[in-house]
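Asks: Please read through the structure below; I'll follow up with questions.
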Amino acid sequence: MSIKTRLVLIAVLGLVLAGAGFTLWSTLQRSGIVSQQGEPAGRALIGGAFTLTDQNGERRSEADLVGTYSLIYFGYTYCPDVCPTSLSAMTQGLDLLAESAPDKAAAVRPIFITIDPERDTTEAMAAYAQHFHPRLMALTGTPEEVALAAKVYRIYYQKVTEQGSSDYLMDHSSIIYLMGPDGGYLTHYTHASTADDIAKGLAEQVDPALAAGS
């Protein structure tokens, strides 16, 4: 390879990396993690007002989360792998924490919010929640209510239908949020996070003294 060709390739690579960096920076700014001036914004703009229905038919809103830490995951009951894996890691992590710090575990509420309200009725959510944790709050609602909840938590989802079939899957973000007793974002875990990772993270983040009634 000639020196001239090598320099051209380096220049192109620099432009690609610069573009990727700009895209990432823009995403961070839109999420509120950094300010327009490039400084940490202090708190990500994740979470907000919503109204949904739990697996017992009771109406729930963001007000029900105040005073407790919340582990929140968006998914759907027909999900073949990602959702059950993430929910298992989330709830098993909570169980691991209960073994070493039961007061901290009691201050955390696991929450599952569907992004497939068409199939995930309250009955379906009730049956599904039983497979994971006795304190799991499973929330559904109308398509509009679910869309609003997903929007305030910055969750992407989209129906994917196979050609020539009425069956479908849901493409969606796979993120577990840890929200504080004041409803503010604290941190998050990904699909790659293990139960041990989550238990360790909760042990570091949760202060039972800040949770009402714990």
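The values are calculated or read from the model by the stated rules, or taken from the named source; none is laboratory data. Just so we're clear, the structure is a prediction, and the values are computed from it rather than from any experiment. Methodologically, a virtual Cβ is constructed for each residue, glycine included, from the backbone with ideal geometry; neighbour enumeration extends over all protein chains shown.
Asks: For the condition among the β-branched types (Val, Ile, Thr), modelled with pLDDT of 95 or more, closer than 22 Å to Leu87 by Cα and part of a loop (DSSP other than H, G, I, E, B), what is the one hit in Ile155, Ile198?
Replies: Result of the check over Ile155, Ile198: Ile155.
Asks: Still on this structure, I have one more. Just wondering, is there one or more residues in segment 172-187 that are part of a loop (DSSP other than H, G, I, E, B), under 19 Å from Tyr76 (Cα atoms), among the aliphatic types (A, V, I, L, M) and in contact with a helix residue (DSSP H, G or I) (Cβ under 7 Å, 6 or more places away or on another chain)? Before the answer, list the steps.
Replies: Step one: filter segment 172-187 for residues part of a loop (DSSP other than H, G, I, E, B), giving 173-174, 180-184.
Next, only the ones that are under 19 Å from Tyr76 (Cα atoms) stay: 173-174.
Going one step further and asking which of them are among the aliphatic types (A, V, I, L, M), we end up with none.
Within segment 172-187, not a single residue is part of a loop (DSSP other than H, G, I, E, B), under 19 Å from Tyr76 (Cα atoms), among the aliphatic types (A, V, I, L, M) and in contact with a helix residue (DSSP H, G or I) (Cβ under 7 Å, 6 or more places away or on another chain).
Asks: Let me ask something else. Consider only pairs whose beta carbons are under 8 Å apart and that are at least six residues apart or on different chains; among these, list those whose first residue lies in segment 53-76 and is at pLDDT 95 or above and buried (at least 23 other Cβ atoms within 10 Å of the Cβ) and whose second residue is part of a loop (DSSP other than H, G, I, E, B) and among the β-branched types (Val, Ile, Thr).
Replies: Pairs found: Tyr69/Val206; Phe74/Ile115; Phe74/Ile155; Gly75/Ile115; Tyr76/Ile115.
Asks: Conditions first: (1) assigned to a strand (DSSP E or B); (2) within 16 Å of Gly180 (Cα to Cα). Leu139 passes all but one, so which condition is the exception?
Replies: Here Leu139 meets the rest and fails (2).
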